[in-house]
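Let me begin by presenting the structure, written as structure tokens, before commenting on it.
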Amino acid sequence: MPGVLVNSLAAAGEAEQRTLREEPVKRFLPSPESHSALVQRILRERFCHQSPHDNLFGVQVQYKHLIELLKRTAVHGESNSVLIIGPRGSGKTMLINHALKELMEVEGVSENVLQVHLNGLLQINDKIALKEITRQLNLENVVGDKVFGSSAENLSFLLEALKKGDRTSSCPVIFILDEFDLFAHHKNQTLLYNLLDISQSAQTPVAIIGLTCRLDILELLEKRVKSRFSHRQIHLMNSFSFPQYLKIFKEQLSLPSVFPEKIFAEQWNENVQGLSEDRSVREVLQKHFNASKNLRSLHMLLMLALNRVTPSHPFITAADLMEANQLCSMDSKGNIVHGLSVLEICLIIAMKHLNDIYEEEPFNFQMVYNEFQKFVQRKAHSVYNFEKPVVMKAFEHLQQLELIRPMERTSVNAQREYQLMKLLLDNTQIMNALQKYPNCPTDVRQWATSSLSWL
């Protein structure tokens, strides 16, 4: 018995050691779950512009211009100012982030250059902006609580700190002003004036980079501010063609060469290549390209398709992209109609009927109510005849939802029943909404069809 016990204990010990040896191997063996999770993380970071390794598409010339300006400030102590102008989603922030990343990789720059990031949506006046500048430059405790005094004290202290320096011994400061046009609405444009004034003088080297989507930005600047601005402008206009757009699609979806599981990465990239050649996928991308060339809408499409990737569904398919396209192009007003009551649906159909008869002329509540009453009298067995105040309440609810709007400002003495209105839905939106509307009465649907069938 003791021998049997010893043997069994020895066997158990060997099994435990074997398990311990095998556990690390199992822990590091790649699994389908880890593949899909890793793909999701890498591509989500890329689509949300969190990855600094994105390629620049179609803005190489602008990038070269910007990086040269920044290097002149950071390396040679030369002050500069520049505006980056382009529509939303054109890559202004991505451009400046790439330029700053490359600048910080230059030897000796990262220790010496200071960066200040301001946003017109957050720093809504000069006082808040000055506090943010002093915080980012780590100047809060330089003179005790004085820095948090009045706006004038803040400004004088900051200007004194910047003006004491010179081009050779001072650290260059790079100011990035996002939503630059909003800073132009600050009182007297004091902050812009003083920053640009420093950039024009032989003091601390500063670079002022403004990001805006307004082409008329210079018209918003006061004369004294405009005279101190260098008038350098970098325009981003998304000028690439559809073949280039297709190439961007492939590059954005492809996995990098450093992906740990090489075989899976090759299969993924082959699948992406197949998608780019698929006719239905090309049609989806062509629609997106025609609607908006900006990469933000493309990233949204790819993000929705990426959500479908799971361990049991490891690759994106053409069907995923088509479903994502439907979600992207979903009509918000059509979705509002799905949540309306049957009475409100009837009022919309009555308005549409009036539009058809009177060729898009404006209508008032009384006309809509009369049209609704005609329908109720014909179909009294299927639609309840609501009291007029109830119908009026439903009409006002449609106005609150912005499905209808008044043609002119409401006066105090005007009767609500006779105020002229305009419907903000078209035929297609109404018919599509009715097809998807849950439990829509047959008579109501037929009424809508009969009033639109001759168009």
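The values are calculated or read from the model by the stated rules, or taken from the named source; none is laboratory data. Small disclaimer: the values here were computed from a predicted structure and weren't measured. Don't worry about glycine lacking a Cβ; one is built from the backbone with ideal geometry, like all the others, and counts go over all protein chains shown. Ligands, DNA and RNA are stripped out before the accessible areas are found, and what is left, the full protein with its side chains, is counted by its heavy atoms. Shrake-Rupley method; radii C 1.70, N 1.55, O 1.52, S 1.80 Å.
Quick check, is Q244 within 19 Å of V61 (Cβ to Cβ) and at pLDDT below 90?
In short, yes.
Answer yes or no: is there a residue in the stretch 406-420 that is closer than 17 Å to M367 by Cβ, within 33 Å of the chain's Cα centre (by Cα), surrounded by 11 or more Cβ atoms within 10 Å (Cβ to Cβ) and at pLDDT 80 or above.
For the stretch 406-420, residues closer than 17 Å to M367 by Cβ, within 33 Å of the chain's Cα centre (by Cα), surrounded by 11 or more Cβ atoms within 10 Å (Cβ to Cβ) and at pLDDT 80 or above: present.
May I ask you to list the residues in the stretch 173-207 that are surrounded by fewer than 20 Cβ atoms within 10 Å (Cβ to Cβ), in a helix (DSSP H, G or I) and within 23 Å of the chain's Cα centre (by Cα)?
Result: D181, L182.
Could you count how many residues in the stretch 101-118 are open to solvent by 10 Å² or more (accessible area, probe 1.4 Å) and in contact (Cβ under 8 Å) with a residue 12 or more places away in the chain?
Here the count works out to 8.
Determine which single condition V383 fails, assuming it passes every other condition in (1) surrounded by fewer than 18 Cβ atoms within 10 Å (Cβ to Cβ); (2) at pLDDT below 85.
All conditions are met except number (1).
Of everything in the stretch 325-362, what is at pLDDT 85 or above and hydrophobic (A, V, I, L, M, F, W, C)? Give them in sequence order.
L340, V342, L343, I345, C346, L347, I348, I349, A350, M351, L354, I357, listed by residue number.
For the stretch 257-264, state whether one or more residues are closer than 20 Å to S329 by Cβ and of a type outside the set (V, I, T).
no
Enumerate the pairs (first residue in the stretch 384-397 and within 14 Å of V368 (Cα to Cα); second residue anywhere and surrounded by 13 or more Cβ atoms within 10 Å (Cβ to Cβ) and among the acidic types (D, E)) with beta-carbon separation below 8 Å, excluding pairs fewer than 6 apart on the same chain, so at least 6 apart or on different chains.
M392/E417; A394/E344
Any chance the stretch 136-157 includes a residue that's open to solvent by 50 Å² or more (accessible area, probe 1.4 Å), at pLDDT 90 or above and part of a loop (DSSP other than H, G, I, E, B)?
No, that holds for no residue.
Only one residue in L20, L69, L83, L5 is modelled with pLDDT of 85 or more and assigned to a helix (DSSP H, G or I). Which one?
L69
Could you tell me which residue of the stretch 119-133 is nearest to V206 (Cα to Cα), considering only residues that are out of contact with any Asp or Glu (no Cβ under 6 Å at 6 or more places or on another chain) and either open to solvent by less than 60 Å² (accessible area, probe 1.4 Å) or at pLDDT below 80 (or both)?
Among those residues, the one meeting the criterion is I133.
Give the residue that is farthest from the chain's Cα centre (by Cα), with candidates limited to residues of the stretch 423-445 that are part of a loop (DSSP other than H, G, I, E, B) and in contact (Cβ under 8 Å) with a residue 12 or more places away in the chain.
Among them, the one singled out is P441.
Can you tell me how many residues in the stretch 216-249 are in a helix (DSSP H, G or I) and open to solvent by 70 Å² or more (accessible area, probe 1.4 Å)?
Qualifying residue count for the region: 6.
Check the stretch 236-251 and report whether any residue there is free of Cβ contacts under 8 Å to residues at least 24 places away in the same chain and of a type in the set (D, E, K, R).
There is at least one residue in the stretch 236-251 that is free of Cβ contacts under 8 Å to residues at least 24 places away in the same chain and of a type in the set (D, E, K, R).
Go over the candidates H288, H313 one by one and state the one that is closer than 29 Å to R214 by Cβ, out of contact with any strand residue (DSSP E or B) (no Cβ under 6 Å at 6 or more places or on another chain) and not β-branched (V, I, T).
H288
Right, L347: touching an Asp or Glu at 6+ places or on another chain (Cβ under 7 Å) and closer than 19 Å to M431 by Cβ or not?
no
Restricting the search to the stretch 335-383, which residues are among the small types (G, A, S) and touching a residue at least 24 places away in the same chain (Cβ under 8 Å)?
Within the stretch 335-383, S341, A350, S382 qualify.
Could you check how many residues of the stretch 115-133 are farther than 13 Å from F175 by Cβ, assigned to a helix (DSSP H, G or I) and not charged (D, E, K, R)?
1
Of all residues being of a type in the set (A, V, I, L, M, F, W, C), open to solvent by less than 30 Å² (accessible area, probe 1.4 Å) and in a helix (DSSP H, G or I) in the stretch 27-62, which is modelled with the lowest pLDDT? Just the residue, please.
That would be F47.
Looking at the stretch 34-60, I want the residues that are closer than 22 Å to N238 by Cβ and have a partner that is modelled with pLDDT under 70 and open to solvent by less than 30 Å² (accessible area, probe 1.4 Å) with Cβ atoms under 8 Å, at least 6 apart or on another chain. Which pairs are those?
Short answer, once both residue conditions are applied: R46/D54.
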